[in-house]
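Participant: Quick one: the structure is below, and I'll ask about it shortly.
Nothing in this text is a laboratory measurement; each read-out follows from the coordinates by a stated rule. All figures in this text were calculated on a predicted structure; none of them were measured in a lab. Backbone-built Cβ (ideal geometry, glycine too); neighbour counts: all protein chains shown.
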Amino acid sequence: MAFKVYRGKTKQEWYPVTVSTVLAKDTAVEWTSGFIAAADANDTFVAGVINKAIAATDSDYATARKVAVVVPMEPNVVWEADATGFTVGGTDEGVEYALSDAGTVDQTDTSNDVFLVTEVLSATKVRGYMRINGSY
């Protein structure tokens, strides 16, 4: 379950993280009450992609702090993403989909458009544009 930059310029921004929250590396994060937390299927855009895992065993797990989040520096950064249910050569390209969780694009959900698929690599891997902070 992950999002990786495939093509385009990105940078790291430092955002406050919700205290005592586990986050997996390379997963999408959302804004919630002024802090970032794991994105989910209800999001219509995300804040970016966290590039370092946060575990309950980290020494600063329960500490208020900022963490590095990858965000685009230009429009149309292409992301490679884990996915569920896609068909190579099908009609999934050019369609916007929601996330099923913070690290996976969901081919069955077109209600919360977060990821615009431009290329289907396999049933479990796609490339495309992610709606970060409101735009692609």
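Participant: Kindly put MET130, MET73 in sequence by how many other C-beta atoms sit within 10 Å of each C-beta, fewest to most.
Facilitator: Details: MET130 23, MET73 9.
In order of increasing Cβ crowding within 10 Å: MET73, MET130.
Participant: Could you line up GLU119, GLU74 from fewest to most neighbouring Cβ atoms inside 10 Å?
Facilitator: GLU74, GLU119
Participant: Taking θ = phi - 60°, what integer Hz values does the Karplus form 6.51 cos²θ - 1.76 cosθ + 1.60 yield along region 114-127, in sequence order, with x for Gly and Pro?
Facilitator: Along region 114-127, the couplings run 10, 10, 9, 6, 10, 7, 9, 8, 6, 5, 10, 8, 9, 10 Hz.
Participant: Amide H of THR18: which non-local residues (sequence gap of 5 or more, or other chain) have their own amide H closer than 5 Å, using H built in the peptide plane?
Facilitator: Answer set, sorted by chain and number: ILE36.
Participant: Continuing with the same structure: Hey, what did the chain get for relative contact order, percent, Cα under 8 Å, at least 6 apart?
Facilitator: So the answer I get is 29 percent.
Participant: Just how many % of Cα pairs in region 78-130 lie over 13 Å apart, if you round to the nearest whole percent?
Facilitator: 44
Participant: Kindly write out, for region 68-80 in residue order, the coupling ³J(HN,Hα) from the Karplus curve 6.51 cos²θ - 1.76 cosθ + 1.60 (θ = phi - 60°), rounded to whole Hz, with x marking Gly and Pro.
Facilitator: Working through the residues one at a time gives 6, 10, 7, 9, x, 9, 8, x, 6, 5, 8, 10, 9 Hz.
Participant: What ³J(HN,Hα) values, in whole Hz, does the Karplus curve 6.51 cos²θ - 1.76 cosθ + 1.60 give for region 18-23 when θ = phi - 60°, with x put for Gly and Pro?
Facilitator: With the stated coefficients, region 18-23 comes to 4, 4, 6, 10, 7, 9 Hz.
Participant: Direction-averaged shadow area of the convex hull around the Cα atoms of region 1-88, nm²? Intermediate results must be reported in sequence, preceding the final value.
Facilitator: Details: hull surface 26.3 nm².
Here the figure is 6.6 nm², rounded to one decimal.
Participant: Next question, about the same structure. For region 56-136, run through the trypsin sites (Lys or Arg not before Pro) and keep only the ones in DSSP coil with at most 15 other Cβ atoms within 10 Å of their Cβ.
Facilitator: Listed in order of number, the matching sites are ARG65.
Participant: Determine the sum of side-chain charges near VAL78: Lys and Arg each +1, Asp and Glu each -1, restricted to other residues whose C-beta is under 14 angstrom from that of VAL78.
Facilitator: +2
Participant: Summing Lys, Arg as +1 and Asp, Glu as -1, what charge do residues with Cβ under 12 Å from the Cβ of ARG131 carry, ARG131 excluded?
Facilitator: Charge balance in the 12 Å sphere: -4.
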